[in-house]
Structure formats: structure tokens, C-alpha cells
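Written out below as C-alpha cells is the structure these notes cover.
Read the figures in this text as sums done on the coordinates, not as results from a lab. Here the structure is a predicted model, which is why all the values come from computation and not from measurement. Using ideal geometry, Cβ is built from the backbone for each residue, glycine included, and neighbour counts are taken over all protein chains shown.
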Amino acid sequence: MMATTHALWGMALALPVLVVAPELAPTAFAAGLIGGLVPDLDLYAGHRKTFHYPVYAAVATALGLALALLTPSPATVALAVALAAAALHAAADAAGGGLELRPWQGGSERAVYSHYHRRWIRPRRWVRYDGSPEDLGLAGIAAVPVFLAADGPVPVVVLTLLSVSAVYVLFRKHFAGLAEYLVSLLPAPVLPYVPERYRGAQ
């Protein structure tokens, strides 16, 4: 799924905080945004493996939620929401396409790595690929309640993320060819540091 979809769903996880402890909501929305994005920091170094933990992140989320319920504070609530967003990110990637430059071709059986099981989880392809129309639909489903319920800068952030998502969806399939072309311009010594999928591997 798109990074923006993960970010929006991370923010959506903060909605209960808005109801129960509205004074902590701004912190929770920021934590959800960050937690939803952080796993994709491994995009160029072991993508969907280095920072993706579908099992361990879920366990950490349970502990984080317990801590936030026992000792609610900006720090503990932010930690709980961020962990939940990161866990949802890893789990959601398994529902999407495989780890490849053109996931709509269905050539990869690697969706996200489970460190607990020590193996790759296969893609379910319920969302065919990142940047698919259904991916945009999921982003919209998360965006609407956050946009309507939150105030301050949050609605602006939501609209920005949704706009970026729409543009990405529009050009998603063109980006694959562009990425390969740009990689072809790189000097040979740099290529070993470029992820394999950008070097034309399907």
C-alpha cells in the first residue's frame, strides 16, 4: 500500500483518543502519522523486512496500550498509537501485492517478512498493488472521519496526504518505467546499492 494510506490509517487509529481524552488528540494524531510512515524508512534497505514486524509490532502494541491505559500521558498515548500504526502497516502490507517494481504483474510471493516465523509472508493481493484504485479507496475511508472529527492542522494534513495519494495513483504505472530509466543512468559502482527490483528484476 501507499505510504500515504499507511499514514492516514495511523491517524485514524488516534480517533478513540479524540473521544476519550481530546487534550491528547493532537499528540495521538502526530504519533499515528509517524508510526504509519516509519516502517517504510527501509524502502532502500531490506524493504518490508528491516522495519516491518507484523508479529512483534502487534505484541509491542498490546504492551503499549496497556501502559497507556494504566498511566495515560502524552508520551504513553503517543507510544501506543505509534506502535499500533506501525503494526497495522506491517499487517496491511501482507494484504497487498508482492515486493516488486510492477506488483500488478503478480510475479513476487514476498509481501512482508515475519521475523517471528523467519520467513516471508505471501501477498494476499486484496489490494492489488500500491497505488491501485482500491488503495486510494482505503486512503479515503481513513481520511474522511479524521478530516471531519479533527481540527487545527490535522484536516490540512489529511487533505495533503489524500491529494498526494491521488496523484500517485494517476501516474503509478508510469513511475515503474521512470525508476528503471533513472537507475540505468547511474554509474556501475553505485548499482550494487540499488534495490534489485529497480534494476529491472521482476
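The residue pairs whose first member lies in region 27-55 and is at positive phi and in contact (Cβ under 8 Å) with a residue 60 or more places away in the chain, whose second member is outside any helix (DSSP H, G or I) and not aliphatic (A, V, I, L, M), and whose beta carbons are closer than 7 Å, counting only pairs six or more residues apart or on different chains, are Arg48/Tyr113.
A Cβ distance below 6 Å, combined with a sequence gap of six or more or placement on separate chains, defines the contacts here; from region 134-147, residues that are farther than 24 Å from Pro26 by Cβ reach residues that are assigned to a helix (DSSP H, G or I) and aliphatic (A, V, I, L, M) in the pairs Leu136/Val169. Among the residues of region 124-136, is any part of a helix (DSSP H, G or I) and either acidic (Asp, Glu) or within 25 Å of Glu196 (Cα to Cα) (or both)? For region 124-136, residues part of a helix (DSSP H, G or I) and either acidic (Asp, Glu) or within 25 Å of Glu196 (Cα to Cα) (or both): present.
In summary, Lys49 fulfils each of the numbered conditions (1) over 30 Å from Pro22 (Cβ atoms); (2) touching a Leu at 6+ places or on another chain (Cβ under 8 Å) with the single exception of condition (2).
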